[in-house]
Amino acid sequence: MRTARAAEKRVSMITELIKAGIISVAVSFILVVLYAVALKEELLATTTMTLFTTVIKVICAVLAGILTVRRCKRRLWLYGAAGGGLYTLLAFGVFSAVAGSLCVSLALLSDIGMGALAGLLSVMIMQMLK
């Protein structure tokens, strides 16, 4: 029989995934706003848009993967990949809502794969450095 303390200590990875996804989407939103300000002030050329949006996606997917596994003990690579993929889905939903249009294409599938790979690799590198 489990005690009440053991049940409290058990980490719910679903809540960790959701928290990491929301935090990463917020960071992503802040980075996009900063990039938009840099474009408006003409500090950066508009030709850098695809590069910077990809870099922002990867940075935030890495953040989501790392935040997901902070309290995890097993299957870190799996939860890191899930965190990166979930971030990509949440960011797609939020930015589609802000834009007022929903355009699902194969690019979304590649973005999910990129996010999952970034989350997975970041967690693997983090474990190697420990």
In nm, give the distance between the simple-model label positions of VAL33 and THR54, each being 7 Å from the Cα along the Cα-to-Cβ direction.
-> 2.7 nm
To the nearest Å, what is the center-to-center distance of segment 94-112 and segment 4-79, using C-alpha atoms only?
-> 17 Å
Give me the Debye-computed log₁₀ of I(q)/I(0) at q = 0.14, 0.22 Å⁻¹ for segment 72-124, equal point scatterers on Cα only, no solvent, two decimals.
-> -0.39, -0.75
Expressed in whole Å with the largest first, what are the equivalent ellipsoid semi-axes of segment 36-130 derived from the C-alpha gyration tensor as the square root of 5 times each eigenvalue?
-> 27, 17, 11
Enumerate the calculated ³J(HN,Hα) couplings along segment 24-30 in order (Karplus 6.51 cos²θ - 1.76 cosθ + 1.60, θ = phi - 60°), each rounded to whole Hz, writing x wherever the residue is Gly or Pro.
-> 5, 5, 5, 5, 4, 4, 5
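For the chain, give the percent of accessible area contributed by carbon and sulfur heavy atoms, probe 1.4 Å, rounded to a whole number.
Values: 6200 of 8670 Å².
Solvent-exposed carbon and sulfur of the chain make up 72 percent of the total.
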How much accessible surface does MET49 have with a 1.4 Å probe, in Å² rounded to 10?
-> 90 Å²
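Return one whole number: the accessible area per residue of the chain in Å², for a 1.4 Å probe. Working shown, then result.
Working: 8670 Å² over 130 residues.
On a per-residue basis, 67 Å².
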Cα-centre dipole for segment 30-117 with unit charges at Cβ (Lys and Arg positive, Asp and Glu negative), debye to 20 = 640 debye
Obtain the nm distance between the two label points defined at LYS19 and LEU106 by a simple spin-label model: each point lies 7 Å from its Cα along the Cα-to-C-beta direction.
-> 3.9 nm
Just subtract the alpha-carbon distance of MET126 and LYS73 from 0.36 nm times their residue separation and send over the number in nm, one decimal.
-> 17.7 nm
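The values are calculated or read from the model by the stated rules, or taken from the named source; none is laboratory data. The structure displayed is predicted, hence computed values, not measured ones. FYI the Cβ positions are ideal-geometry reconstructions off the backbone, even for glycines, and counts take in every protein chain you see. The protein model used for the area step is the full one, side chains on, heavy atoms only, and it has no ligands, DNA or RNA in it. Shrake-Rupley method; radii C 1.70, N 1.55, O 1.52, S 1.80 Å.
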